[in-house]
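Asker: Can you read through this structure? Questions will come right after.
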Amino acid sequence: MNLPGIQDPALQPIYERVAAGRRLSREDGCALFESHDLLGVGRLAQMVRERLHGRKAYYIYNQHINYSNICVNGCKFCAFGRQAGAAGAYEMSLPEIFAKVEERQAEPITEIHIVGGCHPDLPFSYYLDMLHGIKARRPEVHLQAFTAVEVAHLADKAEMSVADTLLALKAAGLGSLPGGGAEVFSPRVRTSLCPEKLSPEGWVSVAQEAHRLGLNTNATMLYGHMETVEERVDHLMKLRSAQDETGGFLAFIPLAFHPANTGLSDLTGPSAIDDLKTLAVSRLLLDNVPHIKAFWVMLGPKLSQISLCFGVDDVDGTVMEERITHMAGAETPQGLTRSQLETLIREAGCEPVERDTLYRVIAA
Ligand code: V47
């Protein structure tokens, strides 16, 4: 049967597989990216989104803290990272971090999201004391902290195994890992943009180790720079296989590349069409990842709203303060209020659901 609203004949066999609940192939992924029938691709992604979540759209009351931008990796796409001692390099002391938490003590925050660079000198005790100190001030808050890249770096510095590092962080209050640092798994792209960074195998292995220890993680893909459609699809396929094995990824977040102040500032970044298509294809290929998140800080609140009709079921949260994307030229606000998030969701015809990090419902 033909699905009304699908114009591109190449989408018809994919529609039949989606309707039958069958897994899509690498070739299907490439055909979806190559199709100019954006509304058709979105329609297919909505079939899956509605099967999984109905009209629900999730958000979280969260606070981001970027504790330091000092980083040994020097990735070409990053405007945030600095070498130690370079202009603009910063590192928050523990009292400064705790003051940021205390500033928001009266707000009903359920998650603090903590990400920084791979710092060459901070001792492991800094990270443990950070988690302990935040938990002492806000025991009820979930700490989603340190990407797989940071965890591998900490393990290296502390001369500990990744598992022991994660266990120590967990004992200090770590609740889950954010999805950053995956970039694009293609060796061709990484040789050119981030040769010093943790390898794709390393990233997947830290995430899977976390899953085995009972810590959920997210996953990301940085897109819209030099990667090809095939490289995007391969990235998604690798995540899907990893999820088949350990099952701990909660959400996938495609990250729209922002070029300003990076080593790729001659590029323009992805178009709105590319943003929506990437979100929709992610929903279709990652049949085993429960949530697809539009990070409004990178996409803008308006496109994030439209993405709720293209397979997305989560718009992240209040955020409050963000540096990584803003240093790369993002013109989005630093934060959105609960009421702005709920209005954005309602106007897309969805039901706002406030969630905690593990997608348990706080209020609907
Ligand atoms: O790892 C770096 C990316 C990531 C740029 O897990 C850039 O819920 C765009 O991972 N343009 C950090 N992106 C952010 C991140 C994240 C954000 C929101 C939610 C979650 C989650 C995770 O930002 C980095 C890197 O991949 N990044 N530079 C740039 N110029």
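Asker: Take the residues in the range 165-177 that are open to solvent by 20 Å² or more (accessible area, probe 1.4 Å) and under 10 Å from residue 131 (Cβ atoms), then tell me which one is nearest to the ligand (Cβ to nearest atom).
Answerer: By that ranking, first place goes to 175.
Asker: Here's something else I'd like to know. Only residues that are within 12 Å of the ligand (Cβ to nearest atom) and in contact with a helix residue (DSSP H, G or I) (Cβ under 6 Å, 6 or more places away or on another chain): list them for the range 244-254, please.
Answerer: Within the range 244-254, 249, 252, 254 qualify.
Asker: What's the total number of residues in the range 56-67 that are under 10 Å from residue 117 (Cβ atoms) and crowded, with 21+ Cβ neighbours inside 10 Å?
Answerer: Qualifying residue count, the range 56-67: 1.
Asker: Kindly provide the set of residues from the range 248-295 that are among the charged types (D, E, K, R) and more than 13 Å from the chain's Cα centre (by Cα), ordered by number.
Answerer: Within the range 248-295, 266, 274, 275, 277, 283, 287 qualify.
Asker: Got a number for residues in the range 153-164 being open to solvent by 20 Å² or more (accessible area, probe 1.4 Å) and farther than 14 Å from residue 126 by Cβ?
Answerer: 7
Asker: Tell me, please, whether a residue that is in contact (Cβ under 8 Å) with a residue 12 or more places away in the chain, open to solvent by less than 40 Å² (accessible area, probe 1.4 Å) and outside any helix (DSSP H, G or I) can be found in the range 128-138.
Answerer: Checked the range 128-138: at least one residue is in contact (Cβ under 8 Å) with a residue 12 or more places away in the chain, open to solvent by less than 40 Å² (accessible area, probe 1.4 Å) and outside any helix (DSSP H, G or I).
Asker: Kindly indicate whether residue 52 is in contact (Cβ under 8 Å) with a residue 24 or more places away in the chain, surrounded by fewer than 20 Cβ atoms within 10 Å (Cβ to Cβ) and farther than 27 Å from residue 179 by Cα.
Answerer: No: the conditions fail for residue 52.
Asker: Is there a residue in the range 178-198 that is within 13 Å of the ligand (Cβ to nearest atom), over 24 Å from residue 298 (Cα atoms) and modelled with pLDDT of 95 or more?
Answerer: no
Asker: In the set 48, 18, 72, 41, which member is among the aliphatic types (A, V, I, L, M) and more than 23 Å from residue 285 (Cβ to Cβ)? Spell out how you get there, then give the answer.
Answerer: Working: 48 fails: more than 23 Å from residue 285 (Cβ to Cβ); 18 fails: more than 23 Å from residue 285 (Cβ to Cβ); 41 fails: more than 23 Å from residue 285 (Cβ to Cβ).
Exactly one of 48, 18, 72, 41 is among the aliphatic types (A, V, I, L, M) and more than 23 Å from residue 285 (Cβ to Cβ), namely 72.
Asker: While we're looking at this one, here's another question. Would you be able to say whether some residue in the range 74-93 is in contact (Cβ under 8 Å) with a residue 12 or more places away in the chain, more than 26 Å from residue 192 (Cα to Cα) and either in contact with a Gly (Cβ under 6 Å, 6 or more places away or on another chain) or within 16 Å of the ligand (Cβ to nearest atom) (or both)?
Answerer: no
Asker: Then there is this: If residue 151 passes every condition in (1) in a helix (DSSP H, G or I); (2) away from the ligand (no atom under 13 Å from the Cβ) but one, which one does it miss?
Answerer: (2)
Asker: Tell me which of these residue 3 doesn't satisfy, since it passes every other one: (1) at negative phi; (2) at pLDDT 95 or above; (3) not hydroxyl-bearing (Ser, Thr, Tyr).
Answerer: Just one mismatch for residue 3, condition (2).
Asker: Can you tell me which residue within the range 71-103, out of those that are in contact with a strand residue (DSSP E or B) (Cβ under 8 Å, 6 or more places away or on another chain) and assigned to a helix (DSSP H, G or I), is most open to solvent (accessible area, probe 1.4 Å)? Steps first, answer last, please.
Answerer: Step one: list which residues in the range 71-103 are in contact with a strand residue (DSSP E or B) (Cβ under 8 Å, 6 or more places away or on another chain), which gives 71, 77, 81-84, 88-92, 97, 100-101.
Next, only the ones that are assigned to a helix (DSSP H, G or I) stay: 97, 100-101.
Working: 97: 1, 100: 39, 101: 0 Å².
Among residues in the range 71-103 that are in contact with a strand residue (DSSP E or B) (Cβ under 8 Å, 6 or more places away or on another chain) and assigned to a helix (DSSP H, G or I), the one most open to solvent (accessible area, probe 1.4 Å) is 100.
The values are calculated or read from the model by the stated rules, or taken from the named source; none is laboratory data. Bear in mind that the values here come from a model prediction, so they are computed numbers and not experimental data. Virtual Cβ from ideal backbone geometry, glycine too; neighbours counted across all protein chains shown. These accessible areas exclude ligands, DNA and RNA; they are computed on the full protein's heavy atoms, side chains included. Shrake-Rupley method; radii C 1.70, N 1.55, O 1.52, S 1.80 Å.
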